[in-house]
Structures are given as C-alpha cells and as structure tokens.
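Enquirer: The structure that follows is given in the form of structure tokens.
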Amino acid sequence: MSDRTSPLSNREIVEALDRIAVLLEAREANPFRVGSYRGAAREIEALNRSVAAIYVQEGPGALQDIPGVGEGIASILAELVEEGRSRLLERLEAEQSPEMAFQRLPGVGPKLAARIHDELGVNTLEDLEGAAHDGRLARVHGIGAKKASGIRDALAGMLGRSRRPPAGGRSGPADVPPISLLLEVDAEYRSAADMDALPRIAPRRFNPEGRKWLPIYELERDGWDITALFSNTRRAHELDRTRNWVVIYYHRNGDDGQATVVTSNAQGLEGRRVVRGREPECRRYYARGG
C-alpha cells in the first residue's frame, strides 16, 4: 500500500475516473473510451462496498466483476488502491500543464514550477528525476543544491512506489514496447499528421493563442495503449524540432512509460528514425532490414 494512512475512498476513486474522462474529452479522445471511464465511475458511485475492500479481500481480478470495469480500468483501480495515485491521470494532467505535476513537490510553487519547465524542458516527474540526478535541476534559478537534493528525495519516494510490482503481480524489469512497434507508430503518426488526418489538441504551453495545432494519435496494439504526439517542450521549439521529435506514451499490464523518436545524426544511423536511449537496438533493427 502507499504511505497514506488509509486507502482512497470510493468518492476519491470516482473523482479520479471522472477527471481522466474530462481530460480525455478535452483532447477529443475516442468518445467510447471517455464514456467507459464515466460509466465505471457511476457504477463505483453506486457500490455498497469499497473498491479497496474488494481489491484486498478478493484480489485484483475481482475488480473486473464491477459492472463497467474492464482490464484497463481495473489496472487503474488497482493502482489507486495500492499507491493512492494514477499514472495515467498524472500524465494527462502533465500534458496539459507540467507545472501542476511539479507543484506536488515540496517547496515548488507555481512560479518555480513554470521556471523548471521552461529552463529544463521537462514534462514529467520521471524526466525531472533525471534532471535532479544529473545536476541540471540544481542550476535552475531559485533551486540550488540543497533544494535539488530535497526534490530528488521526494521524487525517489513518489516514483519508487509507482515502480513496485502490484501485489501478487510479477517482478522484474518493466515491460517496454519493442523498437519495431515504436518506429511503426512513429511513422504512422507523422504520416497521418502530414495528411491532417488526426484530431488536434490545444496545448497550454507555448500556445498563447490557444490554437488546436498539436495532432494526437491514440491506438491499441499488441496489448499496448499508446498515445503519440509531437514534442511541445521549449527545447524542441528552440531547435525547430517540434515536428521531428515524436513522444510516444505507452501502458500495458501496469507498466507505462514514454519514448522519444528522433531523426539521428549518429554515424551509421544518419537520417534514420531512432528511439532515444535505445540506439543499439535501433542499429540491430536496421541491420536486420527493418
């Protein structure tokens, strides 16, 4: 369980599901997907037992016995009970406003959160953790070494709990999509965006006019729930790489993460699309004729 003194109540779980639905609807996601979260929320609202009690007493599989709750929503309910949080909800909120996610950290208010995002170009708590470890965070005005250390410790606690395998679940390294799948989604997304065949959302960052300019691609493939969109970080805008850097979010069986696909300048990979941090796998993929 999380460090909370008690698990989330049904009301809090309903609020989380409704918030997910609102954020998905705002970016014009599949109406059926939006409705599934709202439907599950209404069913949980009417339950005469707590979701936490069902999970603890009968196991994760029993959550799918709740009307309107399939495998995907059941995994979110398990996360809410186990950890008191939903990574999907946090990601959706961060995509709208990364500053909201950063303000959950001790000593980080709205202005400092905006400065962290602007100066570092990070969008998620996971990205911020990397900046805290490599020294970039300490160099942000208003942070310094001491505050950066405190933020790093807070992130370790928050993200460490989210990385634990769920009770009764498997252990071992997190599942990640194969290179072939990520590059396939990247190609599909960029092609569909070029043909103006995708719905568009209006990101809050670097978009003072509130235009719906950012194409978004959502799909399910090989058991993965996937969302792809162009990078909307300050760094991407500064380097004019907004339509070159594609961020792919993925989720399956409690594992989720993100990958960034870019055009490489590395020797032997010039002009090829590669997944940052997984270049050796990309080399092998192309060597096999991928």
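The values are calculated or read from the model by the stated rules, or taken from the named source; none is laboratory data. Since this is a predicted model, take the numbers as computed values, not measurements. Here Cβ is always computed from backbone atoms with ideal geometry, including for glycine, and neighbour counts include all displayed protein chains. Remember, those area values only see protein heavy atoms, side chains included, never the ligands or the DNA or RNA. Shrake-Rupley method; radii C 1.70, N 1.55, O 1.52, S 1.80 Å.
Enquirer: Would you check if residue 179 is more than 18 Å from the chain's Cα centre (by Cα) and among the β-branched types (Val, Ile, Thr)? Outline the logic, then answer.
Expert: On the way: more than 18 Å from the chain's Cα centre (by Cα): yes; among the β-branched types (Val, Ile, Thr): yes.
When the stated conditions are applied, residue 179 passes them.
Enquirer: Follow-up. Under 7 Å between Cβ atoms, at least 6 apart or on separate chains: pull out the pairs that start in the range 177-188 with a residue that is open to solvent by less than 50 Å² (accessible area, probe 1.4 Å) and end on any residue that is assigned to a helix (DSSP H, G or I).
Expert: That search, which allows pairs on different chains as well, returns 179/281; 179/282; 179/285.
Enquirer: Any residue at all in the range 79-92 that's part of a helix (DSSP H, G or I), open to solvent by less than 10 Å² (accessible area, probe 1.4 Å), modelled with pLDDT under 85 and of a type outside the set (S, T, N, Q)?
Expert: At the first step, the residues of the range 79-92 found to be part of a helix (DSSP H, G or I) are 79-83, 87-92.
Of the ones still in play, those that are also open to solvent by less than 10 Å² (accessible area, probe 1.4 Å) are 80-81, 92.
Right, trim to modelled with pLDDT under 85 and you get 92.
Then keep just the ones that are of a type outside the set (S, T, N, Q); that gives 92.
Looking through the range 79-92, at least one residue is part of a helix (DSSP H, G or I), open to solvent by less than 10 Å² (accessible area, probe 1.4 Å), modelled with pLDDT under 85 and of a type outside the set (S, T, N, Q).
Enquirer: Just checking, how many residues over the range 33-78 are without any contact (Cβ under 8 Å) to a residue 24 or more places away in the chain, open to solvent by less than 20 Å² (accessible area, probe 1.4 Å) and outside any helix (DSSP H, G or I)?
Expert: 0
Enquirer: Looking at 235, 205, 243, can you tell me which residue is open to solvent by 20 Å² or more (accessible area, probe 1.4 Å), over 20 Å from residue 23 (Cα atoms), part of a loop (DSSP other than H, G, I, E, B) and of a type in the set (Lys, Arg)?
Expert: 243
Enquirer: Looking at the structure I just gave you, is residue 115 in contact (Cβ under 8 Å) with a residue 24 or more places away in the chain and in contact with a strand residue (DSSP E or B) (Cβ under 6 Å, 6 or more places away or on another chain)?
Expert: It is false that residue 115 is in contact (Cβ under 8 Å) with a residue 24 or more places away in the chain and in contact with a strand residue (DSSP E or B) (Cβ under 6 Å, 6 or more places away or on another chain).
Enquirer: Find the residue count for the range 93-105, including only residues that are open to solvent by less than 10 Å² (accessible area, probe 1.4 Å) and either hydroxyl-bearing (Ser, Thr, Tyr) or part of a loop (DSSP other than H, G, I, E, B) (or both).
Expert: Total satisfying the criteria: 1.
Enquirer: Can you tell me how many residues in the range 221-232 are surrounded by fewer than 20 Cβ atoms within 10 Å (Cβ to Cβ) and in contact with a strand residue (DSSP E or B) (Cβ under 7 Å, 6 or more places away or on another chain)? Give the derivation first.
Expert: Step one: filter the range 221-232 for residues surrounded by fewer than 20 Cβ atoms within 10 Å (Cβ to Cβ), giving 221-223, 225.
When the remaining residues are screened for being in contact with a strand residue (DSSP E or B) (Cβ under 7 Å, 6 or more places away or on another chain), the result is 223, 225.
Of the residues in that region, 2 qualify.
Enquirer: Scan the range 250-267 for residues that are farther than 24 Å from residue 221 by Cβ and open to solvent by 60 Å² or more (accessible area, probe 1.4 Å) and report the count.
Expert: 2
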